[in-house]
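Q: This structure is in C-alpha cells; I'll ask about it shortly.
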Amino acid sequence: MDQIVFSLTLTVFCAFLVYWYIRFALILPLEGRTRETERSFARFTAFSREMMDHVYVPESAEHYGDIVNYYMVKLHKAFPDSSMLVFESSEGRWKLINYLKNFKAEPKLMTSYQLDVFDKCASDGEPVRMERASLDGSSEVEALFDSFGIVSGVAVPFMHGGGQARRILLYCEPCAGRRDGAYPEEPYLRFIAAQLNAIHKTSDKLVAARKEQEQLRGELNAVLRELDMAGSRLIRGAKERKALYEVVTKVTGEETDVAKGTSAILNVVAKMVDADVVSCLRFDEGRNELVVTPGSFGIPDEERMRYSIPVDNLASASVRSFLNGKPFMSPDAQNDPEVQPQHAKLWSIRSLMIVPIALHNRTIGVLRVGSRRKDCFTQDQLEFLSIIADELAIIMEMISLYENVSATAKELAQLNKLKDEFLSTVSHELKTPLTTIKGFVSVILSGEVGPLSEQQANFLSVVDQATNRLTNLISNLLDLSRLNGKVEMEFAVISLKDLIRDSAAAMLLKAKEKGISLSFSTDEDLPPVFADVRWISQVIDNLLINAIKYSGRGARVVISGSTKGEVAVVCVEDTGPGIPPEEQKLVFDKFYRGKTNASQVPGTGLGLAISKSVVEKHGGKIWLESRAGSGSRFLFALPVAKQKRGAVPADAAGR
Ligand code: ADP
C-alpha cells in the first residue's frame, strides 16, 4: 500500500516538475515574445495612423520636403536613438539635402557623393541594409559611414519617377548587428517609403493639373481679354459708323447749304465726343488765314468773326496741325506751352483736339474740338475725329459742288423760262402780220387783183411756201409754250379708232403725192380713252406727217391701234430710212433735227417734243423702235377710260 502511495506521490511530483519546466522554459518566453510583438504592432499601428491622419497632398516641392521632414521627426520619435540623412539624385551623384539629429561630424548640405550602392538601391526600389563592419573598405559609402560615425544604416528609396527613385533616406541605426540582423524599423521604413511615393505621385499629378489649369486660365484670360478688346473695338466701330451714317444722311438729306451741312456734321461730332465747342477752320488763300466756317457748334455766328488765325503764326497749334498734317491733343489748352491760350480762354476750353482736314492729299483746314473739362479726350477719340475729318472734307466738297450745280440749274431754269416767254411773245407778235401777209399773197396769187407774169407767180409761190413754213413754226412754238405753261386740256372719253381713221384719211392725199401707201388697222374692240381730241389728233398727225415726210417713194406707212391690258397703244410704222441708235433718245428733244435729213426735209424739230409733252400730260408714254435702214415704229400708249367698253357717252366729261 505504502509502495503504491509512494509511487503515486513520485509520479505526481515528476509531473509537477515537468509542468513547471515546460512553463518556465518554453511557454513563458513564448508569451513574452507574443506580448512584445503585440506591443510593437500596437506602436506601429498608432504610428501609421498618426501618419495617415496628417497626410496631405502638397502643391509644391517645398511642401513635399516639409512632409519628408515631418515623417523623419515622427520616425525619430518612435526610435529616439536613430538619425537620418536624405539624399537626392543629381546628375549621376547623390546630393545631401536634409538630415536629422547629431552625427559625429556636422553634415554639410548640398555636398554630393558618388554612391553606387544608392544607384542600385534607387533602381531596385527596395531598402538596402548596410553594416559598416561588413563593407569592403573601398567604397564611398564606407567613407560616408566613417565620416558621420554610422555603424549600420538602411537606404530607403522613395520619390519614384521613370522607374527610378530620385531620393534616398539613409536611416542610421543606433548600433550595429542588433538582434541577429533583424531591425524593428523595417515596417516603419517601408510604410514611410510607400507613403512618400504615393504622395509624390499624387502631388506630381496635382502639380501637373494645376499647371495645366494655370495655363488654361492664362489662355482663357487671354481669350477673354481679346474678346473684350474685340467687343470694345466692335462697339467703337459701330458707334463711329453710326456717327458717320448720321453725318452722311444729315448732309445728303435736306441740309444742302454749307452752313447747315457743316453744322449738322459738327453737331454729330460734338455729341459723339461730348464736346462743348466744335469748329471747322478753313484755309482762306486770299487772307492766308485759317478762318472759322459758318455752322460751328458752341460758337455763335457773330462770335465767329473773332476767330481767325494767320497761317504764319507757328505758335498756334491749329496752324502747326494744318501745316504738318498731324493731329494734336492737349489735356489743358489754357496751361499748355504748345497752345496759344487766347482762343481756348475765349470759349473757356480746357481739353482740346485738333485734326487736319485733307482732301485729295491737300490739307484744306482743321477741325478743332474743345471741352470745358480737363483731360477728357482719349487717343481713340482723336482717331475717330481723324476719320470724321476725312468724311467732313468729302462732304464739304460735295456740298459746295451741289451748291454750284443747283445754282447753275436754277440759272438755267430761269434762262429757259425767259426764252419760253420770249418765244411766246415773239410768236404772238409774228402771227398777226404773218396771217395778213399770207392772206394778201393768196389773193394776189389767185389773180383777183390783176394778172401776174410767170416769174411773178413763181416768186409769190416761194413767198407763199415760206409763209407756210413760218406759220407752221410759229404755231408749233405757240403750242409748245402753251404746253410749258398751264394749258387747259379738254378731257373727254374719245374713240381712238375714229381719230386714227380720220387722221389717216386726211393724210391720204399727201401720201399719194409722195407715192407712199398709207393704211390703217385697229382692234375691233379698241377701248375709248380719256383725252383731249384736239391735242391727241395733233400727236397722230405729227407721227403720220413724219412717216410720210421721211420715207421715200414706194414706202409703206401703217397706223394701227391695239389694246395692251390697261392701255391703248397707237403705232405709226413706216418702211423709211429709220433712225440711228445715237439719235433715238434725242429726237424727242426740242428743236432736235436728224443729222442726215435736216437739210433735205423741211421741219422745225418741234413735232415730237410737242407730241411727248401732250402724251405725258395725258398720263401716257411715247417711245420709238427703229433700226437705221429698216424703218421706224413710233408708239404711244394712253390709259384706257374707266368706262364700259364701247359705251362712249355723248357728254364728254372734263377732268
Ligand atoms: P421735224 O420733223 O420738224 O424735224 P420732229 O420733232 O417731228 O421734227 O422730228 C425730230 C427728228 O426725228 C426729225 O428731224 C427726224 O430726224 C427724226 N424723225 C422723226 N420721225 C421720223 C421717221 N418717221 N423716220 C425717220 N426719222 C424721223
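Q: Provide a single number: the residues in segment 535-555 that are polar (S, T, N, Q) and within 11 Å of the ligand (Cβ to nearest atom).
A: To start, the set of residues in segment 535-555 that are polar (S, T, N, Q) comprises 537-538, 542, 546, 551.
Next cut, within 11 Å of the ligand (Cβ to nearest atom) only: 542, 546, 551.
Within segment 535-555, residues that are polar (S, T, N, Q) and within 11 Å of the ligand (Cβ to nearest atom) number 3.
Q: Could you tell me whether segment 110-123 includes any residue that is among the hydrophobic types (A, V, I, L, M, F, W, C), more than 60 Å from the chain's Cα centre (by Cα) and loosely packed, with under 13 Cβ neighbours inside 10 Å?
A: Here is the first cut: in segment 110-123, the ones among the hydrophobic types (A, V, I, L, M, F, W, C) are 110, 115, 117-118, 121-122.
Next, from what is left, pick out any that are more than 60 Å from the chain's Cα centre (by Cα): 110, 115, 117-118, 121-122.
Filter once more, keeping what is loosely packed, with under 13 Cβ neighbours inside 10 Å: 110.
Checked against the condition, which is being among the hydrophobic types (A, V, I, L, M, F, W, C), more than 60 Å from the chain's Cα centre (by Cα) and loosely packed, with under 13 Cβ neighbours inside 10 Å, segment 110-123 yields at least one hit.
Q: Could you please find all residues in segment 511-525 being out of contact with any strand residue (DSSP E or B) (no Cβ under 9 Å at 6 or more places or on another chain) and open to solvent by 50 Å² or more (accessible area, probe 1.4 Å)?
A: 513, 514, 524
This table checks each residue for (1) in contact with a Ser or Thr (Cβ under 6 Å, 6 or more places away or on another chain); (2) assigned by TED's automatic domain parsing to the domain that holds residue 571; (3) away from the ligand (no atom under 11 Å from the Cβ).
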| site | (1), (2), (3) |
| --- | --- |
| 593 | no, yes, no |
| 598 | no, yes, no |
| 602 | no, yes, no |
| 605 | no, yes, no |
| 610 | no, yes, no |
| 614 | no, yes, yes |
| 621 | no, yes, yes |
| 625 | no, yes, yes |
| 632 | yes, yes, no |
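Q: Further, regarding this structure: Does residue 389 satisfy being free of Cβ contacts under 8 Å to residues at least 40 places away in the same chain and assigned by TED's automatic domain parsing to the domain that holds residue 278?
A: yes
Q: Exactly one condition in (1) open to solvent by 10 Å² or more (accessible area, probe 1.4 Å); (2) modelled with pLDDT of 95 or more is false for residue 570; which is it?
A: Exception for residue 570: condition (1).
Q: Could you tell me whether residue 599 is hydroxyl-bearing (Ser, Thr, Tyr) and modelled with pLDDT of 95 or more?
A: No: the conditions fail for residue 599.
Q: Return the residues of segment 45-90 that are surrounded by fewer than 15 Cβ atoms within 10 Å (Cβ to Cβ), at pLDDT 90 or above and not in a helix (DSSP H, G or I); say none if nothing qualifies.
A: If the condition is that a residue be surrounded by fewer than 15 Cβ atoms within 10 Å (Cβ to Cβ), at pLDDT 90 or above and not in a helix (DSSP H, G or I), then 90 is the only one that fits.
The rows are residues; the columns are (1) open to solvent by 70 Å² or more (accessible area, probe 1.4 Å); (2) touching a strand residue (DSSP E or B) at 6+ places or on another chain (Cβ under 7 Å); (3) part of a helix (DSSP H, G or I); (4) under 29 Å from residue 238 (Cβ atoms).
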residue	(1), (2), (3), (4)
322	no, yes, yes, no
342	yes, no, yes, no
376	no, yes, no, yes
385	no, yes, yes, yes
398	yes, no, yes, yes
404	yes, no, yes, no
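Q: Next question. Could you tell me which numbered condition residue 584 fails, if it satisfies all but one of (1) under 56 Å from the mean Cα position of the chain (by Cα); (2) more than 13 Å from the ligand (Cβ to nearest atom)?
A: Residue 584 satisfies all of (1) under 56 Å from the mean Cα position of the chain (by Cα); (2) more than 13 Å from the ligand (Cβ to nearest atom) except (2).
Q: What number goes with the only condition from (1) farther than 18 Å from residue 608 by Cα; (2) open to solvent by 20 Å² or more (accessible area, probe 1.4 Å); (3) touching a helix residue (DSSP H, G or I) at 6+ places or on another chain (Cβ under 9 Å) that residue 508 does not pass?
A: For residue 508, the exception is condition (3).
The values are calculated or read from the model by the stated rules, or taken from the named source; none is laboratory data. Everything numeric here is computed off the predicted structure, so don't read it as measured data. Neighbour counts run over all protein chains shown; Cβ positions are idealised from the backbone, glycine included. Note: areas computed on protein heavy atoms with side chains; ligands, DNA, RNA excluded. Shrake-Rupley method; radii C 1.70, N 1.55, O 1.52, S 1.80 Å.
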